[in-house]
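K.L.:
Could you have a look at this structure, given as structure tokens, before my questions?
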Amino acid sequence: MFFETMKSLTLVSKNGRLFVLMPVLALALLSGCSKSEERRIVDAAVKRYAFVKVGMTKQDVVAKLGEPASKQESRYKWEASTNSDFNAALEVAFDGEGRVKSVSRSRAGRD
């Protein structure tokens, strides 16, 4: 959505230069998401987190989710949050062989 909006606010001059119309207004419009957009962001994270199962390798989890927000020894944590009260988190504990031994999921959201 951000790039679609920026495209609509951008013009190409006759000499091929790009001009952004009213960048301050564009940033103001794009700085906040509606509650339904925020919910979709968190819902997407929850779906990604759902695939993590006990026994998976650390490499498989990181390949699917990307690098975690935090690492503490054998515990990795991923987080998705928005500007308001919508968020989701996944905490995974790995055993000595680098396999998932426990999974903790949380989600919060307020309309």
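K.L.:
Can you pull out the residues in the range 69-111 that are among the basic types (K, R) and under 20 Å from M56 (Cβ atoms)?
P.N.:
At the first step, the residues of the range 69-111 found to be among the basic types (K, R) are 71, 75, 77, 99, 101, 105, 107, 110.
The answer is K71, R75, K77, R99, K101, R105.
K.L.:
A further question on this structure: Within the range 53-68, can you find the residues that are aliphatic (A, V, I, L, M) and surrounded by fewer than 14 Cβ atoms within 10 Å (Cβ to Cβ)? Quick ask: steps written out before the conclusion?
P.N.:
Initially, the range 53-68 is screened for residues aliphatic (A, V, I, L, M), giving 54, 56, 61-63, 65.
Passing the criteria: V54, A63.
K.L.:
Which one is farthest from K77 (Cα to Cα), of the residues in the range 21-47 that are modelled with pLDDT under 70 and touching a strand residue (DSSP E or B) at 6+ places or on another chain (Cβ under 8 Å)? Walk me through how you get there before you give the answer.
P.N.:
Taking the range 21-47 first, the residues modelled with pLDDT under 70 are 21-33.
Those left that are additionally touching a strand residue (DSSP E or B) at 6+ places or on another chain (Cβ under 8 Å): 21, 26.
Details: L21: 40, A26: 33 Å.
Filtering the range 21-47 for residues that are modelled with pLDDT under 70 and touching a strand residue (DSSP E or B) at 6+ places or on another chain (Cβ under 8 Å), the one farthest from K77 (Cα to Cα) comes out as L21.
K.L.:
What is the one condition in (1) under 17 Å from R40 (Cα atoms); (2) at pLDDT 95 or above that V100 does not satisfy?
P.N.:
Every listed condition holds for V100 apart from (1).
K.L.:
Which of the residues that make up the range 82-111 are among the aromatic types (F, W, Y) and either in a loop (DSSP other than H, G, I, E, B) or surrounded by fewer than 14 Cβ atoms within 10 Å (Cβ to Cβ) (or both)? Working first, answer last.
P.N.:
Quick first cut of the range 82-111, residues among the aromatic types (F, W, Y) only: 86, 94.
Correct list: F86 only.
The values are calculated or read from the model by the stated rules, or taken from the named source; none is laboratory data. Bear in mind that the values here come from a model prediction, so they are computed numbers and not experimental data. Heads up, the Cβs are rebuilt from the backbone with ideal geometry, glycines too, and the neighbour counts pull from every protein chain shown.
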